[in-house]
Structures are given as C-alpha cells and as structure tokens.
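Read the structure below first, then the notes.
The values are calculated or read from the model by the stated rules, or taken from the named source; none is laboratory data. Predicted model only: the values in this text are computed from it and were never measured. For neighbour counting, all protein chains shown are included, and Cβ atoms are generated from backbone atoms with ideal geometry for every residue, glycine included.
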Amino acid sequence: MITLHAKSPCCGATVRRFGQRRRQCTQCHQTWRIRVKKRGRPQTRIHVEVLHKVLLRRFTLCQLLERRPTLSLPAFRYRFRQTLQRFVKQKPVHQIPQGPLILLADGMRFKFSGKVWVLYLTALKSCHRKEAVFLDPLLISGMEGAKRWEQVFAAIPTHAYQRICGLVSDNLRGMQLIARRRNWVLQLCQFHMIYKLQFHRRGLHRKLKGGKVREEIYLLIRKALILPDGLALKDVLDRLRHLTETSCGTRRMRLVVLEFLYCIDYYRAFETHPDLGLPSTNNTMESMGSIVRDALKRSHAASNPKSLLLWATALLRLRPATICNNKRLQPN
C-alpha cells in the first residue's frame, strides 16, 4: 500500500510543519530538520595530483608542504592519507589487452614484527604486444609458496583469467604443477639462473675449488639458453651431463647444473612456443618491485602490512602499464 502522507520516524504519527526547515511529530512533539547538516568543520581535501607528485615524481611531503605555509606537517600527512585511502577504495579500472594473455608473477618479501609477509605482484601481457598491465597486488602473511599463489591467481578477473595461456615466473616450487594443471606454458626467468651461476663462479679476490669447471659450466649454460634447437645445443647439454657425472667443482654447483638440466624445457619455452611472445626473463616484475621499494623507502611508508598494501596499490594504479619485450618477435 502506498503511503500518501509522511509519518514521523519516532511514533509513526502524522507530521506537521514546524517552520520552513523543520517538522514535528503530532504525538510526542519531537522536531527534526529535513536536510540534516554535517557536524564539524568543513572537510578539506587534497587533489589526486598530489599522489602523482609523491608516488611518481619523487616529491616528499615536506617539499610539498613548503607551498602551504599555514598548514602543519601532521595535518598535511593526515589529509594525504585520507586522499590515498579514498583513491584506493575506488573500483579499479584495468585496461586488460584483448586476445590471449601471458601472466607475469613475482613476490616481494617484507618482515613486520618478526613475521614474514609477501606482496604478490601480477601483470597481464598480450601475446602480440609489448605492454604489460599490472593488477592490484595482494599481501599475504607467510613464506611464498604454491598455495598462496593459488589464492593470488584466483583473484584475477574471470574474463581475463580464461584467456591466459602462458606464465612467466621465478623457479619456485609448485609453479610447474600450477602451470600443468591449467595447461599454461611456463617460462622460467633466465636472469635468475644466470645470477645464481654468477654467485657460484670463480671469485676475483679468492680462489674457489673447481674454479675452471665453474667458469666452463657458466659459459655452457649461457650457450644453452640462447642456442636454437639442433646439434650444437645437444652437444652443450651432453657436456653438462658429463660434468655432473664427473666433477662440477662442488656439490652445490652440481645441484645447480642438475636443476638446470631438469628444467631446461621451461627455461627455453620462448623457443618452443614462439607464437606466444614469451619474455625470457621476469625483469619487468623485478623493475616494478624496485620502484615500489624505492617509493616506500623515500616516503617512510610501509610501517605495517596495511600501510604497505595501501601504498603499493596506489602506486600500481597510478602506473598501471610498462613495456615488456618479447624474446621472439613475430612478423605482423
């Protein structure tokens, strides 16, 4: 049944006018204002452009405060934090490319009160373009692992998740199983393998056991990463297998070589699947991780997990895309 006349919220009785802006209940005579004013002082907001200056143009709050001599630093920090929270609460609009996609994934480790937290970064790249679009990060407590990556991948929008056909990541335990379950082509980061070899190579200031063998292994693996399929690649892999059966210098170096031989197909996925446009490294995510750490350090942010996620989300939304070159470019 449609109510033709307004009833009082207190007693449900009829309402009569009590001046131009107020109404009164005819039963208990309580009055109220028809347009309630907000109590307190008017809210002063900071423009979103200030977020660009702090997060992208490397300004500090103290530098921006010099243009506001009548405002104290604590008040300016409070207003900046309120603007940051309003910006992050808005619904994100990600310009995800069309067609088949490649998923880039990497984790950043932080520690708060002796407890490990990992900030999970994900980006989507078209198989036929060089631009990668970052999604909102996730912050999960505990060490990085396959189960937590499952949670991160489940948060990807469904319309984009269904078009993913490849994954680029570090050589983490469980990534191979995750890729097989989803029928994704897995490309392991070649840079991390080279960095690991550099760490175990012959040093300049001290002589290590099996220095010549380490140097030979380093050169052989570098060749195996770039050589096309053929006899030359087969000879390199045979030589590496022979070294694992004889002498690799140290037990740790032997384990590195065995790991490489076991995952050789994942390190060379860009060669076996040239139509996907896979990058051979995960340097795009590493670069964004460095930008996030630099912004947090410069602004003295990330004092707790909530603040870390707030600042990282705002930064990735203000800088949503970056260049990610393909290892094998296909003609148009």
Looking at the range 143-161, is at least one residue buried (at least 21 other Cβ atoms within 10 Å of the Cβ) and within 30 Å of LYS223 (Cβ to Cβ)? no
Criterion first (at pLDDT below 90 and assigned to a helix (DSSP H, G or I)) does ARG328 satisfy it? no
Hits in the range 162-197 (condition: at pLDDT below 90 and touching a Cys at 6+ places or on another chain (Cβ under 7 Å)): ASN171
Just one of (1) over 30 Å from PHE59 (Cβ atoms); (2) in contact with a helix residue (DSSP H, G or I) (Cβ under 8 Å, 6 or more places away or on another chain); (3) modelled with pLDDT of 90 or more trips up ARG201, so point out which. (3)
Could you tell me whether the range 137-149 includes any residue that is part of a strand (DSSP E or B) and of a type in the set (Phe, Trp, Tyr)? no
Hits in the range 277-294 - residues which are surrounded by 21 or more Cβ atoms within 10 Å (Cβ to Cβ) and either of a type outside the set (Val, Ile, Thr) or at pLDDT below 90 (or both): GLY277, LEU278, PRO279, SER280, ASN282, MET285, MET288
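Looking at ILE96, ILE102, can you tell me which residue is β-branched (Val, Ile, Thr), part of a loop (DSSP other than H, G, I, E, B) and touching a strand residue (DSSP E or B) at 6+ places or on another chain (Cβ under 6 Å)?
It is ILE96.
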If you go through the range 111-128, how many residues are over 12 Å from the mean Cα position of the chain (by Cα) and crowded, with 16+ Cβ neighbours inside 10 Å? 5
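Does the range 49-64 hold any residues that are in contact (Cβ under 8 Å) with a residue 40 or more places away in the chain and either in a loop (DSSP other than H, G, I, E, B) or within 16 Å of ALA312 (Cα to Cα) (or both), and which are they?
Hits for the range 49-64 are LEU51, HIS52, VAL54, LEU55, LEU56, ARG58, THR60.
Of all residues in the range 259-317, which are of a type in the set (Phe, Trp, Tyr) and without any contact (Cβ under 8 Å) to a residue 60 or more places away in the chain?
Here is the first cut: in the range 259-317, the ones of a type in the set (Phe, Trp, Tyr) are 260, 262, 266-267, 270, 311.
Within the range 259-317, TYR262 is the sole residue that qualifies.
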Given (1) within 30 Å of PHE134 (Cβ to Cβ); (2) exposed (fewer than 10 other Cβ atoms within 10 Å of the Cβ); (3) not hydroxyl-bearing (Ser, Thr, Tyr), number of the condition MET108 does not satisfy: (2)
Is it the case that ARG222 is under 19 Å from GLN190 (Cα atoms) and either in a helix (DSSP H, G or I) or modelled with pLDDT under 90 (or both)? yes
Residues of the range 65-93 being in a helix (DSSP H, G or I) and exposed (fewer than 14 other Cβ atoms within 10 Å of the Cβ), which ones? LEU73, PRO74, ALA75, ARG77, TYR78, GLN85, ARG86, LYS89
Among the candidates THR122, THR158, residue that is within 28 Å of PHE87 (Cα to Cα), without any contact (Cβ under 8 Å) to a residue 12 or more places away in the chain and of a type in the set (S, T, N, Q): THR158
